[in-house]
Amino acid sequence: MPVRFWRARVLSSALLLILLLLCRTTQAAIVRGTVTNSLGIPIIHASVVLLQNGQVLALALTGTNGTYQITSSASGRFYVLVSATNFRQITTLSFYAGTADSHEENIVLESTNARQEIVVSATGMPTPEAQISAAVTAQRNANFPNRTDLIDPLRQVPGAFVVRQGEYGALASLFLRGGNPDSNHVDLDGVSAADVGGAFDFSNVSTAGIEGFEVYRGPNSVLYGSDAAAGSVSLRTLRGSTAFPSLFYEGDAGTFTSFRNQLQVGGTHNAIDYYGGFDAFQSDNSLKMDEFHDDTANANLGYALTSATQLRVTARNSDAGVGTPGAFNFYGIANAGKRSNQDLYLGASLEHRTIGDWHNLVRYGLTRKREEDTNFYAAGIPLTITSHGLTTTNYYGYNTLIHGANGYSVTGQGILNFAGVYPNTVERVNNRDQVYVQSDYPFTPHILGLFTFRYEDERGAKKSVAYGLDQTIDRDNNDYTGQLQGDYHSRLFYSLGGGVEKNAVFGTVGTPRLGLTYYPVRPDKGIFHGTGIRFNFAKGYQEPSLDEQIGSLYDFLGGQQGGREAIQQFHISPIGAEQSRTYEGGVAQSLLSERGLLRISYFHNQFGRQIESVPATEVPALLPQLSPSEQQELESLLSTAGAIYVNSEAFRAQGVESEVQYSVFRTLFLRGGYTYLDAVVERSFSSSALEPSFNTGLPGSPAPPFSEVPIGAFSPLRGARPFNRPPHTGFGSVSYSGEQYWVGFTAAVASRSDDSTFLGGRDYVGGNSLLLPNRNLDFGYTKLDLGGSYQFLSWLAAYAQLDNLTSNKRIAPVGYPSLPFTFRVGLRLSIGHGANK
């Protein structure tokens, strides 16, 4: 072939390449999407403005189908400002787009007076709250300024009840609609945060770096696997948004030698958005041996490979320590202990969204949790007691009056510490690695499909040299879910899904979920214009904890001589999954042209096959497949066991939730709620249920007036309420936001609830003289808080937070004193006018 032909071929190829490069430099970034209201109805002639660094680049109006398209020759980081008549103006999060990128930004506007959120926890996809059939409450950090933790913000959620066993840093558990505190899924940016088995302590979750949270009430195992048997709490980390580094500092001091310092920095640079924060809080609390500190670091780093492909890494580390004085009101002496927690959460995700809104996500999550409980020495008064020919020296509290909210009281000295080896430490480790894959696709504008796959490697350990403990577990679990959601004429909204999990302990289980929301009258102008009716049905399941698995019948027999043969002979299965089922229905009514909103819901939860500790002597009778001779053989194998964990408990929790919110005007917002809970234990074979305790007093002393009242010393009786579930709870808040100042007032209310002093066998002779009847033992309370801030300069503000205005010390369960009135006063400094969004 002639040389000149090759030269011409090379020259033409070079010219074509130059033309392509020139064409690329003249290509434009395209931003397109759809603007709708909260019911998915397109908004016509909405104004869509494309901005970069505060400068307007281009604008467009939406068409008859709510769509828009904006073209710009610029590249870099953009955001969109959208406004329409009778709707609240909205600014989107910033996004990155190159000159040849096409970015899809769909926007939901809410009416001028409405206050609703976009939620993810209900469906796995961002969905307007108005379209959700399940009960979800979303709160942004702007709703809880000045707070150091999430305890009080969670008290402002319908159906949620928080029990904190003392003051700052004390164990804090969340009960959702009467469910157990270990039946909630908790995640941070999609990374599972609870212990293996579901337990989670909210006491050391600082508000630092938290953009907001969602509380889903009801089982949702379709999305969360074997964690969300009662509900879920999803936390989100802040993201950088400003085009320049923004710095934020907050510092305060208050009662009980409390100090807090918080530093945050955030911003964006081309394809990168970044956020980092550090928070340190400490307090001496009001009791000796009860000092608390919590140091928390957060990071959120995002990188846009293209406008459609995002890489994100989030991290959070918390180091906390608190004294464990115990139930001080029972002893008058603080126990000499400390609980230390080191919690690390890391998530890395790759997310891709194509034109047409096909969305794919892959996430790796890492959880590392380590807790140490140490008892330094045997606090208390050493007393030597001889009973039944045995002489024992234990350590007692002072002679104390123990008074319950039910009006009953006893006086005596309880055993604070038993004779043993001191110091002693119990270490718990909960590690988890998980991979999560999600793909969701809109088959039509009104039908969306979702598929997920999750793999989890869970490892747990419980160790103590003093107590001779060395327990470990290792589980490999995986689950698949599928879901369809959509709407019919933006009036009927539905969600139908199901999940299947293969768990290393209890095998394969499946759960369905169905949700429907119907608007016979859509929200609009008018006094009562806007009525939504919703129904939700779901099933859930809960995996056992480390203690429950190790102490189960299957695992106990596996460690006994001849136990393996008995497992096969008697067809003993591993401990099973706890099960839950809920039906709920409700009405949402808009008021006064969407200025107000009233929600009322009825829920009926059934919690079956719950795991409880049963006396080993009773276990054979719970296995109907065994013959009398086989039961005797099993009794012999269990002769060295005191108690065994089995799936034998069941309880019901039904009730009514109500919530009302009202915007008096743009700057004044009112919100309140009330929940009635009817919970009852239907089935139980615990030692307390099988043989209730009675307080007949000490030998030789008069019997108390309630000596014939049966008492559940360590667990509730059959037919009684589960512990720590008050039948009546409520909340209220008033917030006012002016140009320079903000004022917020909140109230949390709870009625009396059933509980136990847990002092069975802890008096002089190992008797029950310190037990009180369970019914209404915990005090009801009203907790009133007041906060405010004043903006002196654009970069300087002062704030104050006053908690427990009435100095009520009976907010915690019986025996545990709560913090009295406290206050904190501090300053806020900002450079960059908003470090995050």
Checklist entry - Working out 0.36 nm times the residue gap between Ser83 and Thr384, then minus their Cα-Cα distance, what length gain in nm do you get to one decimal? => result 100.6 nm
Checklist outcome for this item: Dividing the helical contributions, -39500 (n - 2.57) per DSSP H run of n ≥ 4, by the residues of the chain yields a 222 nm value, nearest 500 deg cm²/dmol, of -2000 deg cm²/dmol
Checklist entry - Heavy-atom accessible area of Leu492 with all protein chains present, probe 1.4 Å, nearest 10 Å²? => result 60 Å²
Checklist entry - How high is the relative contact order of segment 733-837, in percent, with contacts defined as C-alpha pairs under 8 Å that are six or more residues apart? => result 22 percent
Checklist outcome for this item: Longest the chain segment clear of GluC sites (Glu not before Pro) sitting in DSSP loops (not H, G, I, E or B) with at most 14 other Cβ atoms within 10 Å runs 1-707
Checklist outcome for this item: For segment 348-408, averaging the sequence separation of alpha carbon pairs under 8 Å that lie six or more residues apart and dividing by its residue count, the contact order in percent is 19 percent
Checklist entry - So what does Val162 come to for accessible area, using a 1.4 Å probe and Å² rounded to 10? => result 10 Å²
Checklist entry - Could you state the number of Å between the C-alpha centres of segment 709-729 and segment 794-835? => result 33 Å
Checklist outcome for this item: For the Gln69, Ser409 Cβ pair and Förster radius 60 Å, calculated FRET efficiency rounded to 0.05 is 0.20
Checklist entry - Which angle between 0 and 90 degrees, to the nearest 10, do you get for helix 3-26 versus the longest principal axis of the chain when only C-alpha atoms count? => result 60 degrees
Checklist entry - Val186's amide H: which non-local residues (gap 5+, or another chain) put their own amide H closer than 5 Å, with H modeled 1.01 Å from N in plane and none for Pro or chain starts? => result Ala193, Ala194, Val233
Checklist outcome for this item: Counting only DSSP beta bridges with both partners in the chain, the antiparallel fraction in percent, to the nearest 5, comes to 95 percent
Checklist outcome for this item: Given pairs Lys369/Lys502; Lys338/Lys783; Lys288/Lys463; Lys288/Lys462; Lys463/Lys809; Lys539/Lys809 and cut-off 31 Å on Cα-Cα distance, the over-length ones are Lys463/Lys809; Lys539/Lys809
Next on the checklist: I'd like to check one number: the per residue accessible area of segment 690-834, probe 1.4 Å, reported in Å² as a whole number.
Outcome noted: 44 Å²
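Mind running the shape call on segment 373-453? Use the C-alpha gyration tensor, a ≥ b ≥ c as the square roots of the eigenvalues: rounded below 1.5 for a/c, prolate if a/b tops b/c, oblate otherwise.
prolate
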Checklist entry - If contacts are Cα pairs under 8 angstrom and at least 6 residues apart, what is the relative contact order of the chain in percent? => result 10 percent
Checklist entry - What residue among Ser102, Ala280, Val265 has its Cα farthest toward the positive end of the dipole of the chain, where the charges are +1 on Lys, Arg and -1 on Asp, Glu, each on the Cβ? => result Ser102
Checklist entry - With a ≥ b ≥ c the root eigenvalues of the C-alpha gyration tensor of segment 601-719, is it rounded (a/c under 1.5), prolate (a/b larger than b/c) or oblate? => result oblate
Checklist outcome for this item: Measure of exposure for His604: accessible area at 1.4 Å probe, Å² rounded to 10, is 40 Å²
Checklist entry - Between Val120, Ser38, Gly54, whose Cα lies farthest towards the positive end of the dipole of segment 17-133 when Lys and Arg beta carbons carry +1 and Asp and Glu beta carbons carry -1, centred on the Cα centre? => result Gly54
Checklist outcome for this item: Checked against the positive end of the charge dipole of the chain (+1 on Cβ of Lys and Arg, -1 on Cβ of Asp and Glu, about the Cα centre), the farthest of Phe714, Tyr541, Ala243 is Ala243
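When the accessible area of the chain is split by element with a 1.4 Å probe, what percent falls to carbon and sulfur?
The value for the chain is 59 percent carbon and sulfur by accessible area.
At R0 = 56 Å, how high is the FRET efficiency between Leu366 and Ala419 if r is their beta carbon distance? Nearest 0.05 is fine.
Result of the calculation: an efficiency of 0.85.
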Next on the checklist: Leaving ligands and nucleic acids out of the surface, order Val646, Val437 by accessible area at 1.4 Å, largest first.
Outcome noted: Val437, Val646
Checklist entry - Dipole size in debye (nearest 20) for segment 361-474 around its Cα centre, Lys and Arg Cβ +1, Asp and Glu Cβ -1? => result 100 debye
Checklist outcome for this item: Nearest 10, in degrees from 0 to 90: the angle of helix 628-637 to the longest Cα principal axis of the chain is 90 degrees
Next on the checklist: Given Cβ point charges of +1 (Lys, Arg) and -1 (Asp, Glu) and nothing else, what value in debye, to the nearest 20, does the dipole of the chain about its Cα centre take?
Outcome noted: 2460 debye
Item to check | Which label in (i) 1.04; (ii) 1.01; (iii) 1.16 gives the computed Rg/Rh (Cα atoms, Kirkwood Rh) | outcome: (ii)
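The values are calculated or read from the model by the stated rules, or taken from the named source; none is laboratory data. This structure is a prediction, so every number in the text was calculated from the model and none was measured. All Cβ positions, glycine included, derive from the backbone under ideal geometry; neighbour counts span all protein chains shown. What goes into the accessible areas is simple: the full protein's heavy atoms, side chains included, and nothing from ligands, DNA or RNA. Shrake-Rupley method; radii C 1.70, N 1.55, O 1.52, S 1.80 Å.
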